[in-house]
Amino acid sequence: QVQLVESGGGLVQAGASLRLSCAASGRTFSSYVMGWFRQAPGNERDFVAAIIWSGGDTFYANSVKGRFTISRDNAKNTVYLQMNSLKPEDTAVYYCAAGRVGRVAGSRGYDYWGQGTQVTVSS
């Protein structure tokens, strides 16, 4: 059974940093793309970042480029999202996802999703 378990969310002030973790289990993810998406109340689920597990290529939404960094630890089967210089508009539930996708920014291509972790940034 595939499981993606996010952790690391919380309440921080603008300008602070957080690191989200996504622990993956239940299968081998070497051929998968791992993505982070976020959803604020009343909004659609938006792409944040993605990493190709095998090669390590990374992709970012323009809104987080230069502030967020996605990475993975093969030994721990874990994907991270380091978030720096957080802004109030980063407030959302952050979801980890895994899939064999052709378009990394499209949520429909991902097969597995975590339960989400809340990130709240106060001004």
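Results, tabulated for the structure shown:
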{"item": "Check on Glu6, acidic (Asp, Glu), open to solvent by less than 30 Å² (accessible area, probe 1.4 Å) and at pLDDT 95 or above", "result": "yes"}
{"item": "Test: residue in the range 15-22 that is touching a Phe, Trp or Tyr at 6+ places or on another chain (Cβ under 6 Å), in a loop (DSSP other than H, G, I, E, B) and either closer than 14 Å to Val121 by Cα or open to solvent by 30 Å² or more (accessible area, probe 1.4 Å) (or both)", "result": "no"}
{"item": "Qualifying residue in the range 50-67 (condition: crowded, with 22+ Cβ neighbours inside 10 Å and within 19 Å of Arg108 (Cβ to Cβ))", "result": "yes"}
{"item": "Filtered residue count, the range 81-100, keeping only those that are modelled with pLDDT of 95 or more and either more than 17 Å from Leu18 (Cα to Cα) or open to solvent by 30 Å² or more (accessible area, probe 1.4 Å) (or both)", "result": "11"}
{"item": "Among the residues listed as Ser63, Ser54, the single one being modelled with pLDDT under 95 and of a type in the set (Ser, Thr, Tyr)", "result": "Ser54"}
{"item": "Residue within the range 103-121 that is within 26 Å of Ala16 (Cα to Cα) and open to solvent by 50 Å² or more (accessible area, probe 1.4 Å) present", "result": "yes"}
{"item": "Test: residue in the range 101-111 that is under 30 Å from Gln13 (Cα atoms) and at pLDDT 95 or above", "result": "no"}
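The values are calculated or read from the model by the stated rules, or taken from the named source; none is laboratory data. On a predicted model such as this, the values are computed, not experimentally measured, just so you know. Quick reminder, even Gly has a Cβ in these numbers, built from the backbone with ideal geometry, and neighbours come from all protein chains shown. Areas reflect the complete protein model, heavy atoms only, side chains present, ligands, DNA and RNA absent. Shrake-Rupley method; radii C 1.70, N 1.55, O 1.52, S 1.80 Å.
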